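The values are calculated or read from the model by the stated rules, or taken from the named source; none is laboratory data. Remember, it's a predicted structure, so these values are computed and weren't measured experimentally. FYI the Cβ positions are ideal-geometry reconstructions off the backbone, even for glycines, and counts take in every protein chain you see. When the accessible area is computed, the model is the full protein with side chains, heavy atoms only, and any ligands, DNA or RNA have been set aside. Shrake-Rupley method; radii C 1.70, N 1.55, O 1.52, S 1.80 Å.
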Amino acid sequence: MTVQLNHTIVAAHDKHASAHFLADLLGLPVSPQYGPFVPVEIPNGVTLDYMDTRDEITPQHYAFLVTEDDFDTIFTRIREAGLTYWADPFHHRPGEINHNDGGRGAYFDDPNGHRLEILTRPYGSGG
C-alpha cells in the first residue's frame with residue numbers, strides 16, 4: 001500500500017494574505033482559489049489549503065525540507081522581511097539557526113501564529 005499526504009487545511013484570518021506570505025517566502029506560486037480554499041502547492045505535490053476562519057486559531061507546525069541553496073534564499077527572504085526567527089520550536093533561541101543532524105534549520109511564525117520551519121536535513125538523519 002502506498003500512502004501519501006495530499007493536502008492539509010490551514011486556518012487563517014485572511015486566507016489570501018496567509019497563502020501569499022508562505023508562497024512568497026518559499027518562492028512558490030499561489031494556486032487559484034478552489035471552493036473556500038487558497039492552495040499553495042509544495043513541489044512534492046502536497047498542498048496547504050488556506051481557509052478563512054473567524055474563530056481563534058490554534059497554531060500548528062509546518063516543516064519544509066529544503067536544499068542548502070534554497071535555505072540560503074528563503075532565510076534571506078525571512079531576514080529581509082524583518083521576521084523574528086528562532087533555532088528551536090519553543091522560541092528560546094531567537095536570532096539563531098540550528099545545525100541539527102549536520103544541516104541547518106530555522107523557525108518563524110506566520111501571521112496567524114502557525115510555526116513554520118525550514119530545514120536542510122530530516123531530524124534523525126545523522127550528520
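With charges set only on the Cβ (+1 for Lys and Arg, -1 for Asp and Glu), what does the dipole of the chain come to about its Cα centre, in debye to the nearest 20?
My answer is approximately 100 debye.
Kindly work out what percent of the DSSP beta bridges joining two residues of the chain are antiparallel, to the nearest 5.
Rounded to the nearest five, the antiparallel share is 60 percent.
Test of understanding: what is the full-extension gain from residue 123 to residue 34, defined as 0.36 nm times their sequence separation minus their Cα-Cα distance?
Computed gain between residue 123 and residue 34 is 28.7 nm.
Which residue, chosen from 26, 63, 43, occupies the Cα position most advanced towards the positive end of the dipole of the chain, where the dipole is computed from +1 (Lys, Arg) and -1 (Asp, Glu) charges on Cβ about the Cα centre?
63
Angle check, please: helix 15-26 long axis (alpha carbons) against the longest principal axis of the chain (alpha carbons), in degrees 0 to 90, nearest 10.
The angle comes out at about 30 degrees.
Taking 0.36 nm per residue of sequence separation and subtracting the Cα-Cα distance, how much length would be gained by fully extending the chain between residue 2 and residue 101, in nm to one decimal?
This chain segment gains 32.9 nm when fully extended.
Using helices alone, I'd like the mean residue ellipticity at 222 nm for the chain: each DSSP H run of four-plus residues gives -39500 (n - 2.57), total over residue count, nearest 500.
-6000 deg cm²/dmol
Would you kindly find the accessible area of residue 97, with a 1.4 Å probe and non-protein molecules such as ligands, DNA and RNA excluded, rounding to the nearest 10 Å²?
Solvent-accessible area, nearest 10 Å²: 40 Å².
Relative to the longest principal axis of the C-alpha atoms of the chain, give the angle of the C-alpha long axis of helix 68-80, reported between 0 and 90° and rounded to the nearest 10°.
That works out to roughly 70 degrees.
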